Amino acid sequence: RYARFLAVGQIVLLNIVAGVLAFSVAQAPALVAVALGPRWEPTVALFQILAIAGFFQAAAYATYWVSLSMGLTRRFFWYTIATRPVVIGLIIAGSIWGVEGVAWAYTIGNIFVWPVGIIWMTRGLALRGAPLFWAGARTVAVYGAAALVSAGATALWPDLPDFAHLAIGAVVLVAALALIAVVFPAFRKDLRTIFTLRQHLRRARSTGTAETDPE
């Protein structure tokens, strides 16, 4: 039950985060122009790079949940001590290529830390780390593909207003995700998990109540 609850939490979190970030990356030029104004156009690339980093940060939350719920805070501490210098070193090296180099280095660092954290925090436990990894990999692949389709669709009409780009990009992104769900059973299963989350939580609460009932 613990493994199932952890998997459900990760699936819900990653799909919500990935949906927002996929749209943000695909429509970054229009989104930055509408939210901040045309003078902020030079920040579009940084915004896109750091949005990718944001997904892998969210993917790593599962290891933090494991550390807290299973009392493995000491293990999590040493994992942090071991991995953060690598990220810092990458950032220092990336600074050679300027601000974008730093952004890419930070993103690569987060990509590196994510699977290492899964292995580190699940070793020696009955909990398997592979499902956590593949759920994250599947999500980034699905939403990455949908983001490419969304960006390509709006690129066909470069002269449209920014609001039109945002609207078209959102519709195409949703349509691409729907098509992927039709042809990719694993992603379709993830969506069913999200739509039945309330039922899952209700079932988990009822199980917990039954286990603590003195009768």
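Is one or more of the residues making up region 19-37 open to solvent by less than 50 Å² (accessible area, probe 1.4 Å), of a type outside the set (A, V, I, L, M) and closer than 19 Å to L125 by Cα? Checking region 19-37: not a single residue is open to solvent by less than 50 Å² (accessible area, probe 1.4 Å), of a type outside the set (A, V, I, L, M) and closer than 19 Å to L125 by Cα. Among the candidates A141, A151, A145, the residue that is assigned to a helix (DSSP H, G or I), at pLDDT 90 or above, among the small types (G, A, S) and within 15 Å of Q48 (Cβ to Cβ) is uniquely A151. Give L177, L127 a once-over and let me know the one that is outside any helix (DSSP H, G or I) and surrounded by 15 or more Cβ atoms within 10 Å (Cβ to Cβ). Among L177, L127, only L127 is outside any helix (DSSP H, G or I) and surrounded by 15 or more Cβ atoms within 10 Å (Cβ to Cβ). Taking residues in region 142-153 that are free of Cβ contacts under 8 Å to residues at least 40 places away in the same chain, and partners anywhere that are open to solvent by 40 Å² or more (accessible area, probe 1.4 Å) and assigned to a helix (DSSP H, G or I), the pairs with Cβ atoms closer than 8 Å and at least 6 places apart or on different chains are A153/I168.
Note on region 180-196: residues that are part of a helix (DSSP H, G or I) and among the polar types (S, T, N, Q) amount to 1.
The values are calculated or read from the model by the stated rules, or taken from the named source; none is laboratory data. Source: prediction; values computed, not measured. Positions of Cβ are generated from backbone atoms using ideal geometry, with glycine treated the same way; all protein chains shown enter the neighbour counts. These accessible areas exclude ligands, DNA and RNA; they are computed on the full protein's heavy atoms, side chains included. Shrake-Rupley method; radii C 1.70, N 1.55, O 1.52, S 1.80 Å.
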